Amino acid sequence: MTKNLQNLYRQVLLDHSKHPHHFGELTEQTDSVQLLNPTCGDVIKVSIMIENEVIEDIAFEGTGCTISKASSSIMTDLVKGRTVAEAKELSQSFSKMITTDELPDPALLGDAATLVGIKEFPARIKCATLSWKALDKLIAEVNND
Ligand code: ZN
């Protein structure tokens with residue numbers, strides 16, 4: 001990765017971390033889950049509103065490092081308004097990007113593609129995946145029929 005691209009990615013992550021999108025707890029929600037990343041101390045609670053298998057609204061709150069907050073902000077941006085099936089696909093693509101050498105499709109993953117470099121820092125992978133794991137839990141039991 002070029003230095004310029006690295007700097008751009010860092011800036012995107014800092015912006016999301018300083019001014020997180022969808023921060024707070026939904027007053028009207030169908031479910032919520034709180035996850036802890038003990039290695040870093042990140043605590044993220046994600047609340048969700050699902051209607052007719054569409055994620056009508058999603059929000060997160062908690063305390064965490066720059067990476068966990070930025071990743072949560074990006075995740076909520078990406079999946080809000082999507083169907084549960086689309087959100088599952090996004091989560092799988094994100095996980096693939098973090099755990100394999102496959103390059104992300106920025107058209108699909110948007111700002112989440114800026115986290116591609118995280119796999120070079122294994123200790124931080126859990127920070128980046130925490131909110132996605134919360135999402136997985138929240139949508140795992142939603143029926144697709
Ligand atoms: Zn962290």
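Here is how the numbers come out for the structure above:
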item: Close pairs from the stretch 34-45: first outside any strand (DSSP E or B), partner more than 8 Å from the ligand (Cβ to nearest atom) and hydrophobic (A, V, I, L, M, F, W, C), Cβ under 8 Å, at least 6 apart; result: Thr39/Ala123; Cys40/Ala123
item: Subset of the stretch 68-110 [charged (D, E, K, R), surrounded by fewer than 23 Cβ atoms within 10 Å (Cβ to Cβ) and under 10 Å from the mean Cα position of the chain (by Cα)]; result: Asp77
item: Filtered residues of the stretch 58-90 (kept if in a strand (DSSP E or B) and within 16 Å of the ligand (Cβ to nearest atom)); result: Phe60, Glu61, Gly62, Thr63
item: Close pairs from the stretch 91-117: first assigned to a helix (DSSP H, G or I), partner among the polar types (S, T, N, Q) and modelled with pLDDT under 90, Cβ under 6 Å, at least 6 apart; result: none
item: All positions within the stretch 120-132 that are over 14 Å from Ser32 (Cβ atoms), in a helix (DSSP H, G or I) and within 15 Å of the ligand (Cβ to nearest atom); result: Pro122, Ala123, Arg124, Ile125, Lys126, Cys127, Ala128, Thr129, Leu130, Trp132
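The values are calculated or read from the model by the stated rules, or taken from the named source; none is laboratory data. Being a predicted model, the structure only gives us computed values, none of them experimental. Note: ideal-geometry Cβ built from the backbone for every residue, glycine included; neighbour counts use all protein chains shown.
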